[in-house]
Amino acid sequence: MSVENVLVIGGAGYIGCHVVREFLDEGYRVTVFDNLSTGTRRNLFAEASFVHGDIMQTIRLREVMAEGFDGIVHLAALKAAGQSMVVPEAYTEANIGGTINILNSALAAGVPNMIFSSSAAIFGSPRYLPIDEDHPKEPENFYGFTKLEIERLMEWYDRLKGLKYASIRYFNAAGYDVQGRVDGLEMKPENLLPIVMETAVGLRKGMSVFGDDYQTPDGTCIRDYVHVSDLARAHVAAYKYLREHNQSFAVNLGSEKGVSVAELIDRAREITGREIPAAVGPRRPGDPAELVASSAAARKMLDWEPRYSDVNTLIDSTWQVYCRRYRIT
Ligand code: UFG
């Protein structure tokens with residue numbers, strides 16, 4: 001069988017580069033398309049081709065897709081939920097507009113399928129836990145709304161044009177390649193674990209715990225952290241599923257285990273041996289007390305199991321990257 005050719009849009013980003021790594025490890029040919037706005041050249045692998053381009057440039061997208069691909073993975077998006085409430089226009093343009101450009105280019109070029117990076121943010125505040133695929137979809141931030149709209153668009157493109165899709169709804173992505181092959185750190189991170197790490201290495205004097213008066217055992221928010229390489233493996237499995245069954249689907253992806261903010265910081269102190277000053281501050285608007293996934297569908301359909309999503313591996317694999325970058329021995 002000839003080697004399959006995959007286009008990874010947003011493949012220089014934090015999650016994207018882990019997805020690229022997984023496809024390369026599985027023997028695929030990979031082309032990365034990225035505008036390097038948040039992604040970095042450090043995240044590019046020599047074995048993959050790279051095209052510097054923006055999803056707003058329709059002509060560029062069409063040129064690239066004309067090379068012929070067996071599938072697309074689309075991870076290029078703005079992703080700060082708080083910011084999406086302040087500048088929704090940027091999110092409409094980049095997330096919805098950009099995806100329309102990709103879908104139309106894919107149709108024009110005859111690319112048969114697309115794996116889409118969706119989010120638990122499409123569900124809004126949980127009505128019940130764990131959150132399965134049938135949970136009501138009532139996003140509470142504009143970012144989540146854009147992801148849900150794209151899922152609906154993809155449904156129509158499938159129905160009308162037969163473009164097959166897999167939508168993978170990430171819970172809290174964390175961790176780094178356990179073999180140390182990725183070392184691009186996110187600049188100005190907004191997520192908990194990189195903020196904990198920046199505090200551990202001394203880039204920040206201290207950090208804030210956003211509220212300790214939630215209805216949870218220790219009062220801090222509970223999240224479902226899933227290792228980025230586990231997420232990446234699900235993309236390859238989803239791609240294989242689409243190729244084999246030619247049937248679109250959406251799955252939730254998390255470790256199915258809840259970890260509180262306080263627990264994560266405590267464990268990071270143990271693993272790093274650093275103090276990590278953390279003061280309790282006010283709640284962050286829009287934060288639900290607890291989010292935990294049901295990944296039963298992914299387990300069943302994709303034969304997927306998390307391998308690296310235990311708290312120790314999540315923290316340690318991240319800490320190793322920070323130690324290398326900041327020369328901590
Ligand atoms: N937190 C702090 N202090 C910080 C940063 C975060 O206490 O400095 C807390 C938050 O309040 C939250 C938890 O850590 O309780 C995790 O926060 P993140 O910002 O890392 O992640 P979120 O759960 O807010 O959101 C992430 C992604 C979203 C996705 C969601 C799905 O950023 O895109 O997971 O679960 F939709």
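The values are calculated or read from the model by the stated rules, or taken from the named source; none is laboratory data. Just so you know, these numbers come straight off a predicted model, no measurement behind them. Every residue, glycine among them, receives a Cβ derived from its backbone with ideal geometry; neighbour counts consider all protein chains shown. These area figures cover heavy atoms from the full protein model, side chains too; ligands, DNA and RNA do not enter into them. Shrake-Rupley method; radii C 1.70, N 1.55, O 1.52, S 1.80 Å.
Structure data summary
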| read-out | value |
| --- | --- |
| Segments classed as helices (runs of 4 or more DSSP H), wholly inside segment 1-96, with at least 2 members that are of a type in the set (A, V, I, L, M) | 14-25, 58-65, 81-86 |
| Criterion (more than 9 Å from the ligand (Cβ to nearest atom) and either buried (at least 19 other Cβ atoms within 10 Å of the Cβ) or outside the structural domain of L75 (by TED's automatic domain parsing) (or both)) met by exactly one of L153, L203, L160, L192 | L203 |
| Filter result for R269 (part of a helix (DSSP H, G or I) and assigned by TED's automatic domain parsing to the domain that holds E138) | no |
| For G286: the one exception among (1) open to solvent by 40 Å² or more (accessible area, probe 1.4 Å); (2) among the small types (G, A, S); (3) more than 14 Å from the ligand (Cβ to nearest atom) | (3) |
| K137 being buried (at least 16 other Cβ atoms within 10 Å of the Cβ), within 16 Å of the ligand (Cβ to nearest atom) and basic (K, R) | yes |
| Failed item, numbered, when A106 is tested on (1) open to solvent by 50 Å² or more (accessible area, probe 1.4 Å); (2) in contact (Cβ under 8 Å) with a residue 12 or more places away in the chain; (3) not charged (D, E, K, R) | (1) |
| Matching entry among L193, L153 (being assigned to a helix (DSSP H, G or I) and more than 15 Å from the chain's Cα centre (by Cα)) | L153 |
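Residue-wise test of (1) over 26 Å from S167 (Cβ atoms); (2) touching a residue at least 12 places away in the same chain (Cβ under 8 Å); (3) open to solvent by less than 10 Å² (accessible area, probe 1.4 Å).
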residue: V226; (1), (2), (3): no, yes, yes
residue: N246; (1), (2), (3): no, yes, no
residue: L253; (1), (2), (3): no, yes, yes
residue: L264; (1), (2), (3): yes, yes, yes
residue: P282; (1), (2), (3): yes, yes, no
residue: E290; (1), (2), (3): no, yes, no
residue: L314; (1), (2), (3): no, yes, yes
residue: T318; (1), (2), (3): yes, yes, yes
